[in-house]
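Trainee: This is the structure I want to talk about, given as structure tokens.
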Amino acid sequence: MNALEIKDLYFKNGNFVLGELSLTLPGGCIMGLVGKNGAGKTSLIYLILDMFHKDRGSISIFGRKKNLDLTKQEIGVVLDEVGIPQCMTAIQVGKMMKGIYSAWDDTEYERLLEKLSIPRDIAFLNYSRGMQMKLGIAIALSHGAKLLILDEPMNGLDPIARDDFLSLLYDFTRDENHSVLISSHLVSDLEKLCDYIAFLHKGNLLLCEEKDALLEQYGMIHCSAEEFSSMDPKTVKYQRKTPYGMDVVMLRKDISEEHKVSPITIEELFVFMVKESF
């Protein structure tokens, strides 16, 4: 079963428009939602969580078109603002969450507090930004969630903490019934982690495809301006002039044998696409 299905979603808030947007997150997979600040990543997540009301289109979670209480029990959420009462300690937060989630797991919560080096007796107010995010992650993973929805969860995490976090997500998705939707501007981290990549820019979904298929589909050529002028313009997807000539992105099937093809990263592809869309 697909964890998430979005069809023809449209949302307008003032001058900002999101859509028409369609994407599918299969069960057991991780989808990275990539975009600049203001691209619509957080708006999309709020729409999925019923925090914003869509103008039209449909959103299904585990095949259900409404976020019923059961569905919400199955979703672990970490937003940019964690939303924990400032005076509460991690121990108090655990007791509070046990009353909210029927499947709350005290043992797993304690394990994650230990693994993420989260202090148990310090008020949330005195946590660093990174520590606040780590507590949000521990909560999201401690109530039997099948779908994690994470909005910039690596903000404020140092490289070691980011690596620990990525390991947690790898472990989580070993279960084929578990899926993750994660937004971030740290494209290099998402490239290592994700099965699917969705590019958002100015409220438009530029593409949503399997990561490995994208990397196999596109290649980059470094050539002179003269060589570039001889190429068929219809085969050139994106281009960039450099002090040494041209960087050209093409579908590998359209690249002639005379050119040497270099692999392209997801981050490079995203930068080319965004600049092309201006």
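The values are calculated or read from the model by the stated rules, or taken from the named source; none is laboratory data. Note that this is a predicted model, so its numbers are computed, not measured. We place every Cβ from the backbone using ideal geometry, glycine too, and count neighbours over all the protein chains shown.
Trainee: Under the condition of being farther than 15 Å from G32 by Cα and modelled with pLDDT under 90, which residue from segment 163-176 is surrounded by the most Cβ atoms within 10 Å (Cβ to Cβ)?
Mentor: Taking the candidates together, the pick is L168.
Trainee: Continuing with this model, one more query. I'd like to know if segment 194-202 contains one or more residues that are among the small types (G, A, S) and touching a Leu at 6+ places or on another chain (Cβ under 7 Å).
Mentor: yes
Trainee: What's the number of the only condition in (1) small (G, A, S); (2) over 25 Å from the mean Cα position of the chain (by Cα); (3) on the phi < 0 side of the Ramachandran plot that G245 fails to meet?
Mentor: (3)
Trainee: All but one of (1) out of contact with any Phe, Trp or Tyr (no Cβ under 7 Å at 6 or more places or on another chain); (2) surrounded by 15 or more Cβ atoms within 10 Å (Cβ to Cβ) hold for F270; which doesn't?
Mentor: The failed condition is (1).
Trainee: A further question on this structure: Which one of these does I160 not meet: (1) assigned to a helix (DSSP H, G or I); (2) touching a residue at least 24 places away in the same chain (Cβ under 8 Å)?
Mentor: Among (1) assigned to a helix (DSSP H, G or I); (2) touching a residue at least 24 places away in the same chain (Cβ under 8 Å), I160 violates only (2).
Trainee: For the list (1) in contact with a helix residue (DSSP H, G or I) (Cβ under 8 Å, 6 or more places away or on another chain); (2) of a type in the set (G, A, S); (3) surrounded by 14 or more Cβ atoms within 10 Å (Cβ to Cβ), I need the number of the one condition that A198 fails.
Mentor: (1)
Trainee: Another question, then. Which one is modelled with the lowest pLDDT, of the residues in segment 136-154 that are in a loop (DSSP other than H, G, I, E, B) and under 18 Å from M31 (Cα atoms)?
Mentor: Among them, the one singled out is M154.
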